[in-house]
1. If only one of 20, 113, 10, 33 is hydroxyl-bearing (Ser, Thr, Tyr) and modelled with pLDDT of 95 or more, which one is it?
2. Working carefully through the options 94, 73, 77, 85, find the one that is assigned to a loop (DSSP other than H, G, I, E, B) and among the aliphatic types (A, V, I, L, M).
3. So which of 85, 90, 77, 105 is touching an Asp or Glu at 6+ places or on another chain (Cβ under 7 Å) and among the hydrophobic types (A, V, I, L, M, F, W, C)?
4. Quick one: which of 27, 94, 73 is crowded, with 18+ Cβ neighbours inside 10 Å, touching a residue at least 40 places away in the same chain (Cβ under 8 Å) and touching a helix residue (DSSP H, G or I) at 6+ places or on another chain (Cβ under 6 Å)?
5. Looking at the stretch 37-58, which of its residues are at pLDDT 95 or above and touching an Asp or Glu at 6+ places or on another chain (Cβ under 9 Å)?
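The values are calculated or read from the model by the stated rules, or taken from the named source; none is laboratory data. Note that the coordinates shown come from a computational prediction; the quantities given were computed from them, not determined experimentally. A quick note on method: Cβ atoms are made from the backbone with ideal geometry, for glycine too, and the neighbour counts reach across all protein chains shown.
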Amino acid sequence: MNDKVFSDDSGHIEVLEQHSLTITQFANACNVSETWVVQRVHGGVVDLAGEGDASPGADVQAWRFPGHGIVRARRIADLERTFDADPQLAALTADLMDEVGRLRALLRLPRQSSR
């Protein structure tokens with residue numbers, strides 16, 4: 001897949017289409033180092049797109065990341081920095097924040113009659 005990511009000077013990132021990103025593009029979009037990304041992939045915190053080989057010693061330049069993973073990875077990095085959180089705890093917190101958002105959205109949906 002090709003990558004279509006827009007980044008302006010303010011750091012605003014918008015994934016224009018569903019595409020995969022290289023490790024360099026993903027790290028830049030998340031404002032983290034490639035080392036941070038490698039550590040989080042090996043720790044199971046950040047997922048690769050498709051069937052990438054995340055084993056130690058794998059060619060990290062061959063890794064591809066889903067564009068939609070940017071938001072989650074940025075949130076994890078922010079939680080780690082702000083609260084000095086362990087990566088696993090930050091990932092769990094990010095997942096719970098996403099789930100709360102989904103549940104709140106469901107509560108806002110108009111209820112349909114069961115009749």
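1. Selected residue: 33, the only one of 20, 113, 10, 33 that is hydroxyl-bearing (Ser, Thr, Tyr) and modelled with pLDDT of 95 or more.
2. Step by step, each of 94, 73, 77, 85 is checked, and only 85 is assigned to a loop (DSSP other than H, G, I, E, B) and among the aliphatic types (A, V, I, L, M).
3. It is 90.
4. 73
5. Across the stretch 37-58, the qualifying residue is only 41.
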